[in-house]
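Since the structure comes first, as C-alpha cells, the remarks are kept for the end.
The values are calculated or read from the model by the stated rules, or taken from the named source; none is laboratory data. This structure is a prediction, so every number in the text was calculated from the model and none was measured. Cβ placement follows ideal geometry from the backbone for every residue including glycine, while neighbour counts extend to all protein chains displayed. Protein only, heavy atoms only, side chains kept; ligands, DNA and RNA dropped before computing areas. Shrake-Rupley method; radii C 1.70, N 1.55, O 1.52, S 1.80 Å.
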Amino acid sequence: MEITFKILRFDPDKDKKSYYRKYTVKVEPGMTVLDGLNEIKWRLDGTLAFRRSCRSAICGSCAMTINGVNRLACNSQTLALKRKTIVVEPLRRFPVIKDLIVDMDPFFEKIAIIKPYLIAHSRGGSRERLQSPEDRKLLDEAVTCILCGACTSSCPSYWYNKNYLGPASLFKAYRFIFDSRDEGTEERLGIISDRDGLWRCHSIFNCVEACPKSLNPTYAIAELKKKIVTTKL
Amino acid sequence: MFYKWHVGSIAWILHRLSGVLIAFYLVLHIWVMSFLQKGPESFERVMHLLEHPLFKLLEIGLLGVVVYHSLNGIRLMVLDLGYGMAHQKKMFLAVVAVGIVLFVLGAIPLYPF
Ligand code: SF4
Ligand code: FES
C-alpha cells in the first residue's frame, strides 16, 4: 500500500521558513513510521534529518508529532494510523535544528533544575539503602520514563510559557520526592512550586495522551500539588 | 498542522472560555448594580431595560456558562486531589450530562417566550 509522508522540513543553511514536502512510500504491514522515514532517507532523499537510535521505544530519540499527536516514530505502526497521508513534524515549541531534529537542551536543563539524583545527607554505611517493595511501587511509573519529551512538547501550558518546567521534569521530581530513601524533598518542593513550576499544570492531560510509555505525569503532578499543600499547612 | 484535540484539552479550553465570559459578566453586573447609587429611579429604569427578552436569552446563556464552569471546576478539583485520574474522560462526560440537565431545568423558567 502506498502512503504519502508529508514532512515538515527546515534546513537552517538554506531555508528562511519551514515547509512541507511529500514523499510516497510503499508500506507493508509491520512497518513503523520510523521505517518509513528510513525508507525516504535511504532511497528517496538523503538530506532528510531525524534522530533515532534503538528503534524499540527505549532510547527516546525519535519523539515527533505524527498526525497531530506526539509519539515515537519507532513505536507507531503506519497502517494502524489508518491514514493515506501521514504528517510528520518536529516536536512543537522545541527549537528546530534541522528537519525533525529539535534542540533538547532546554528540555534537559529543566530536568537538571529539579536535581535528578538521590540526595542523602545521612550516611548510608557500607550497605546499599534498602527500600520496601511498597515504597518501590510508588516509583514504578516514574522510573519508566525514557525522557523522550513527547509530554512536555504536547502541553498547552508549555506552549504558552517555555519556562514552565513541564510534565517530564515534574515527573522526575516526583520520582525523587516520593523515593523513601531521598532526603531532598524540602529543597525540591521549593524548586517546583516556583512561579514556573507545577501550578502551571491545569490538568489538561495532553501529556498522558502523548506518553508513548502510557505513563501518567498528570497524576504525579497532582500528588506533588497535594504534597506541597499538605506540607505548607 | 494543529495539535489533535483530546477530551482533556477540550474540557480545558471550554473552562478557560467560560471563565473569561464569567469575568466579563461580573464586570457588567457590578456596573448595573452601580446604578443603585444613583437613586431608585435610575435603578428601576435599568432593571426595566433588562426585562427585554434579549437579556433573558443572554441570561440563559450565562446559566450554561456558569453550570459548565462550576461542574468542570469540581472535576478539576477532584483530579487535582489525585482521585479518578484514570476516569477523567468519563468525568467530563458526566459534567456534560449533569450540566445539560441542570441547564434545561434552569432555562425553562427563564425562557421569555
Ligand atoms: S513521561 Fe512519557 S512522554 Fe514524558 S518524557 Fe517520559 S516517556 Fe516521554
Ligand atoms: S528510536 Fe529509540 S525510542 Fe524510537
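With the checklist (1) away from ligand 1 (no atom under 15 Å from the Cβ); (2) at positive phi; (3) not hydrophobic (A, V, I, L, M, F, W, C) in hand, flag the one item A:Gly166 doesn't pass.
It is condition (1) that A:Gly166 fails.
List the pairs whose first member sits in the range A:40-60 and is farther than 16 Å from A:Ile7 by Cα and within 14 Å of ligand 2 (Cβ to nearest atom), whose second member is open to solvent by 70 Å² or more (accessible area, probe 1.4 Å) and part of a loop (DSSP other than H, G, I, E, B), and whose Cβ atoms are under 6 Å apart, counting only residues at least 6 apart or on separate chains?
Short answer, once both residue conditions are applied: A:Cys59/A:Ser53.
Can you tell which of B:Leu17, B:Leu36, B:Leu21, B:Leu57 is open to solvent by 70 Å² or more (accessible area, probe 1.4 Å), modelled with pLDDT under 95 and within 21 Å of the chain's Cα centre (by Cα)?
Going through B:Leu17, B:Leu36, B:Leu21, B:Leu57 in turn, the sole match is B:Leu57.
Quick check: anything in the range A:217-226 away from chain B (no Cβ under 11 Å), closer than 21 Å to A:Arg93 by Cβ and either surrounded by 23 or more Cβ atoms within 10 Å (Cβ to Cβ) or over 18 Å from the mean Cα position of the chain (by Cα) (or both)?
Checking the range A:217-226: not a single residue is away from chain B (no Cβ under 11 Å), closer than 21 Å to A:Arg93 by Cβ and either surrounded by 23 or more Cβ atoms within 10 Å (Cβ to Cβ) or over 18 Å from the mean Cα position of the chain (by Cα) (or both).
Test A:Arg136 against the criterion of being within 14 Å of chain B (Cβ to nearest Cβ), of a type in the set (D, E, K, R) and away from ligand 1 (no atom under 14 Å from the Cβ), and give yes or no.
No, not satisfied.
Any chance the range B:5-14 includes a residue that's within 30 Å of A:Asn67 (Cβ to Cβ), within 14 Å of chain A (Cβ to nearest Cβ) and either open to solvent by 100 Å² or more (accessible area, probe 1.4 Å) or among the charged types (D, E, K, R) (or both)?
Within the range B:5-14 (the criterion being within 30 Å of A:Asn67 (Cβ to Cβ), within 14 Å of chain A (Cβ to nearest Cβ) and either open to solvent by 100 Å² or more (accessible area, probe 1.4 Å) or among the charged types (D, E, K, R) (or both)), the answer is yes, since at least one residue qualifies.
Which of the residues that make up the range B:63-88 are more than 17 Å from B:Ile10 (Cβ to Cβ), in contact (Cβ under 8 Å) with a residue 12 or more places away in the chain and not aliphatic (A, V, I, L, M)?
none
Just one of the numbered conditions (1) farther than 17 Å from A:Ala80 by Cα; (2) away from ligand 1 (no atom under 16 Å from the Cβ); (3) surrounded by 10 or more Cβ atoms within 10 Å (Cβ to Cβ); (4) basic (Lys, Arg) is not true of A:Lys14; which one?
Evaluating A:Lys14 over (1) farther than 17 Å from A:Ala80 by Cα; (2) away from ligand 1 (no atom under 16 Å from the Cβ); (3) surrounded by 10 or more Cβ atoms within 10 Å (Cβ to Cβ); (4) basic (Lys, Arg) leaves (3) as the failure.
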